[in-house]
Amino acid sequence: WVPGVSSVDNLIEVRPQEFDNDDELKDNIVTILEKDGLVDPRKFTVTAKDGCVRLRGRADSETERDAAARDCWYTYGVREVINEIEIV
């Protein structure tokens, strides 16, 4: 579409986005849980492996339990959430 141009060599390379490693993903989730007013992160443990996050601990309500899981799902790089948080 530009006068005088007869061909274009497109050498643009598309690289996949870089994912956080397991420790970075875990740290991100802990930070998010700390900022969520519905969650007390001191009651939970978080582990991450290959995008799979496991939550363990005890929550005071179903709302708190669900909020913790939702925080994980909204975190970039999470592919699966195993919510083992018990309600006391």
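The values are calculated or read from the model by the stated rules, or taken from the named source; none is laboratory data. Remember, predicted model here, so these are calculated numbers, not experimental data. Using ideal geometry, Cβ is built from the backbone for each residue, glycine included, and neighbour counts are taken over all protein chains shown. For the accessible areas, the whole protein counts, side chains as well, though only heavy atoms, and no ligand, DNA or RNA atoms are used. Shrake-Rupley method; radii C 1.70, N 1.55, O 1.52, S 1.80 Å.
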Assess whether LEU33 counts as being touching a helix residue (DSSP H, G or I) at 6+ places or on another chain (Cβ under 8 Å), surrounded by 16 or more Cβ atoms within 10 Å (Cβ to Cβ), at negative phi and not in a loop (DSSP other than H, G, I, E, B). yes
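Rundown of residues vs (1) among the aliphatic types (A, V, I, L, M); (2) out of contact with any Cys (no Cβ under 8 Å at 6 or more places or on another chain); (3) at pLDDT below 95, yes/no style:
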position	(1), (2), (3)
VAL2	yes, yes, yes
SER7	no, yes, yes
PRO16	no, yes, yes
VAL30	yes, yes, no
LYS35	no, yes, no
PRO41	no, yes, yes
THR47	no, yes, no
From the option list GLU24, GLU13, GLU64, GLU18, single residue qualifying as among the acidic types (Asp, Glu) and within 20 Å of ILE85 (Cα to Cα) is GLU64
Give the residue, chosen from GLU24, GLU80, that is open to solvent by 50 Å² or more (accessible area, probe 1.4 Å) and touching a residue at least 24 places away in the same chain (Cβ under 8 Å). GLU80
VAL53: passes all of (1) hydrophobic (A, V, I, L, M, F, W, C); (2) under 20 Å from TYR76 (Cα atoms); (3) surrounded by fewer than 11 Cβ atoms within 10 Å (Cβ to Cβ) but (3)
